[in-house]
1. Which ones in the range 46-70 are open to solvent by 70 Å² or more (accessible area, probe 1.4 Å) and either among the acidic types (Asp, Glu) or part of a loop (DSSP other than H, G, I, E, B) (or both)?
2. Quick check on the range 203-213. Is at least one of its residues surrounded by 19 or more Cβ atoms within 10 Å (Cβ to Cβ) and among the basic types (Lys, Arg)?
3. Run residue 93 past the list (1) out of contact with any Gly (no Cβ under 9 Å at 6 or more places or on another chain); (2) over 19 Å from residue 48 (Cα atoms) and report the number of the one that doesn't hold.
4. Against the condition closer than 23 Å to residue 59 by Cβ and open to solvent by 10 Å² or more (accessible area, probe 1.4 Å), how does residue 129 come out, does it pass?
5. Give 74, 3 a once-over and let me know the one that is part of a loop (DSSP other than H, G, I, E, B), hydroxyl-bearing (Ser, Thr, Tyr), at pLDDT below 90 and surrounded by 13 or more Cβ atoms within 10 Å (Cβ to Cβ).
6. Can you name the number of the only condition in (1) surrounded by 23 or more Cβ atoms within 10 Å (Cβ to Cβ); (2) in contact with a Gly (Cβ under 9 Å, 6 or more places away or on another chain) that residue 160 fails?
7. Under the condition of being hydroxyl-bearing (Ser, Thr, Tyr) and out of contact with any strand residue (DSSP E or B) (no Cβ under 7 Å at 6 or more places or on another chain), which residue from the range 96-139 is nearest to residue 227 (Cα to Cα)?
8. For the structure I just gave you, tell me whether residue 8 is open to solvent by 10 Å² or more (accessible area, probe 1.4 Å), at pLDDT 95 or above and among the hydrophobic types (A, V, I, L, M, F, W, C).
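The values are calculated or read from the model by the stated rules, or taken from the named source; none is laboratory data. Worth saying up front: this structure is predicted, and the values here are computed from it rather than measured. Neighbour counts are summed over all protein chains in view; Cβ atoms, including those assigned to glycine, are modelled from backbone coordinates with ideal geometry. Accessible surface areas use protein heavy atoms only, side chains included; no ligands, DNA or RNA. Shrake-Rupley method; radii C 1.70, N 1.55, O 1.52, S 1.80 Å.
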Amino acid sequence: MASGCWGFKKVKTSVCNGTNGFAGGASAHHSGGVGGLFHCGLGGGTSTVVRAEMCFFCFDVLNCHLNNRDPPKSTPVFPNDSYPLFVTWEVGRDRCLRGCIGTFFPTYLHSGLREYAISSATKDSRFSAITKDEIPCLYCSVSILNQFEDTQGYLDWEVGKHGIRIEFPNEKNHRKTATYLPEVAVEQSWDRIQTIDSLLHKGGYKGIISEEVRRSIKLTRYQSEKITVSYAEYISRGSIEPPPLTNCNGCLVDHQPMSVVPSHVSYRYQNNHTSNHSQASMNHHHHGHS
């Protein structure tokens, strides 16, 4: 299935606001080495699934694709189990969103990350495709989703713990879906009702949102693990010489290797989007930002 993790309208390049740091209230844990690790609702501790190597693999795949080279032929070093997953690309020091696509269907990690590394970078309908000139400015995040649960109503979930996927009838009684990953509500400082209302707009609902509309929602909650790796960290694992200071679409990047990268940054935007991004391809992918 295709889903938007965020409700931005299509723009030509990126969405960012220049804020950095962890969003308050989420359970954020750093890995001991490369990458920033983010757990939502997993009780802390060490990640059992998500690994920095998954982001390295996504960088390899995208780099080959944009430079018209054959895709990586070596078998990834991480296991090939099946999980719902999302791949997110951000650009620049301000971590401007450039694309995010994933799936709620359990997908083999090797083939799934290969597919979504490219589609999230080139086929997110809200953005122009990422170019090879942007590669040195990129951050890659992989989110592995788990613990899906049916709920008793639209308020039966916790901000900062659960991601939510809603299904609802629009004004023409057509079924629509939309999703927000677990960290979104915390980053926007939304309560549950504000999150639901924003997600309805994101899913294409254009009418007045009443209590009756909210009660018509079928809501599934889930949790996630997330890892973020910068391009600097990606190249630091090998012999590639880091490029000089780069300016990508106005987002200045200094490629100094970092031992730990914040797993996510806070995005603030005006909630004035009656988004036309309404899960157009219901049978396969989900679009959006985690």
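1. 46, 48, 51, 68, 69, 70 - these are the residues of the range 46-70 that are open to solvent by 70 Å² or more (accessible area, probe 1.4 Å) and either among the acidic types (Asp, Glu) or part of a loop (DSSP other than H, G, I, E, B) (or both).
2. No, the range 203-213 contains no residue that is surrounded by 19 or more Cβ atoms within 10 Å (Cβ to Cβ) and among the basic types (Lys, Arg).
3. Just one mismatch for residue 93, condition (1).
4. When the stated conditions are applied, residue 129 passes them.
5. Just a single option satisfies the conditions, and that option is 3.
6. (1) is the only condition that residue 160 fails.
7. 111
8. So residue 8 does not fit the description; no.
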